[in-house]
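Comments concern the structure below.
The values are calculated or read from the model by the stated rules, or taken from the named source; none is laboratory data. Being a predicted model, the structure only gives us computed values, none of them experimental. Ideal geometry is used to build each Cβ from the backbone, glycine not excepted, and the neighbour counts take in all protein chains shown.
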Amino acid sequence: MNEKERLLKVLKGEKVDRPPVICPGGMMNAAITDILKEIKENHNCDLEGMVMAAKMVNEEIGFENYGVPFCMTVEAEPLGIELSFGDKTVEPRVTKYNEEDIGEIIKKYDINPIKDKRMPIVLKAIEKLKNNEVPVIGNITGPISTATSIVDPLKLIKMFRKDPDLAYEFIEYVNDYSIDYAKAMINAGADVIAISDPTATGEILGRKNFEKFAYPMYKKFLTEIHELDTPVIIHICGDTKNIIESLDDLDIDAVSFDSIVNMRSARKQINKALMGNVSTLLLHQGDKERIIRVTENCINSGVDIVSPACGLGMSTPKENLRAMTDYVKGRRW
């Protein structure tokens, strides 16, 4: 059973020889400084650099996938923001939000994933990475997190109370072009779509706002992507106690949780594949023996797909990540 077959079978709920061990990309980015030293180009912007980094994550660290892009700024970039594209030590980040009225932003910008900014580079990278052995994951930043990368997060969160209809319209607008982008990824050769939406955590939104502003967006996204027979992973950061029932109600193929979530408890409440949740702080600063123990505990707790719990620090040692992937592959099953 090769890496692609294993991951796709798990996402379909079928039996496999062992859990896959992956790091999708996007927010959960394993293009760490350790493996970027030989890449001259900026892997966040340059096509060949992006492809090479994705392959090195698989070959040198052992994660059983290719995944692009390596940041959470691609979807927001065409919407009048300013950003830094990052380098071998720092990830891309928004440096200035769009200060226009939200209603004007909706009217002004008509996003075309095939033409706008870095989206075409990501699509070409997926085309180059497509193969029969290693699954290719297309990474989408979730609608709440993208919306709060376009405008000041406090501005949007205040609108949830003061102008909920316009806030909903803006998030739906973001969600719709994100769906188009995901479809373009699938057409380019992506086997799986992974959504990371850290701002949608129940700790920030609360259950009521999650159900009002995030849940319907995910439901529409899942419906349209599943029509293309493509599985979807959703990652939510932080404590999910107050939204876990809503997550279970969605037709997600796998749910990825942060390290704060008790996976034994989540296993009792979620009837989907579970993904996670090895602490990224541990992977950054811990010793290999403890990384192996925590990885083993994740598996024993019912995890179907082993992965880092959240975004990795760029200075995470390659050897620590390798301890996790080597353990999963070398354990007796």
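For this structure, a couple of remarks:
- Selected residue [crowded, with 23+ Cβ neighbours inside 10 Å, closer than 30 Å to LEU283 by Cβ and touching a residue at least 12 places away in the same chain (Cβ under 8 Å)] from THR95, THR141: THR141
Listed here are the residues, each with its yes/no results for (1) at negative phi; (2) in contact with a helix residue (DSSP H, G or I) (Cβ under 6 Å, 6 or more places away or on another chain).
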site	(1), (2)
GLU172	yes, no
ASP176	yes, no
GLY189	no, yes
ASP197	yes, yes
ARG207	yes, no
PHE213	yes, yes
PRO216	yes, no
GLU227	yes, no
VAL232	yes, yes
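- Of residues in segment 38-82 being assigned to a loop (DSSP other than H, G, I, E, B), among the acidic types (Asp, Glu) and under 24 Å from VAL94 (Cα atoms), the one nearest to the chain's Cα centre (by Cα): GLU75
- Of the set (1) in contact with a Phe, Trp or Tyr (Cβ under 6 Å, 6 or more places away or on another chain); (2) part of a helix (DSSP H, G or I), all apply to ILE121 but (1).
- Residue in segment 83-101 that is farthest from LYS155 (Cα to Cα), counting only those that are hydroxyl-bearing (Ser, Thr, Tyr) and in a loop (DSSP other than H, G, I, E, B): THR89
- For GLY142, the criteria (1) touching a Cys at 6+ places or on another chain (Cβ under 9 Å); (2) at pLDDT 95 or above hold in every case but one, which is (1).
- Residues of segment 19-36 classified as under 20 Å from ASP87 (Cα atoms), β-branched (Val, Ile, Thr) and assigned to a loop (DSSP other than H, G, I, E, B), total: 1
- GLU133 vs. criteria within 27 Å of ALA30 (Cβ to Cβ) and outside any helix (DSSP H, G or I): yes
- Complete set of residues in segment 102-118 that are closer than 27 Å to PRO24 by Cβ and either in a helix (DSSP H, G or I) or among the charged types (D, E, K, R) (or both): LYS115, ASP116, LYS117, ARG118
- So VAL16, is it β-branched (Val, Ile, Thr) and in a helix (DSSP H, G or I): no
- From the options LYS183, LYS158, residue that is charged (D, E, K, R) and over 24 Å from VAL10 (Cα atoms): LYS158
- Residue tally, condition surrounded by fewer than 18 Cβ atoms within 10 Å (Cβ to Cβ) and under 16 Å from ALA190 (Cβ atoms), over segment 48-67: 1
- Residue in segment 273-293 that is acidic (Asp, Glu) and closer than 22 Å to ASN139 by Cβ present: no
- Pick from segment 286-333, criterion of a type in the set (S, T, N, Q) and either closer than 23 Å to LYS268 by Cβ or modelled with pLDDT under 95 (or both), ranking: surrounded by the most Cβ atoms within 10 Å (Cβ to Cβ): SER307
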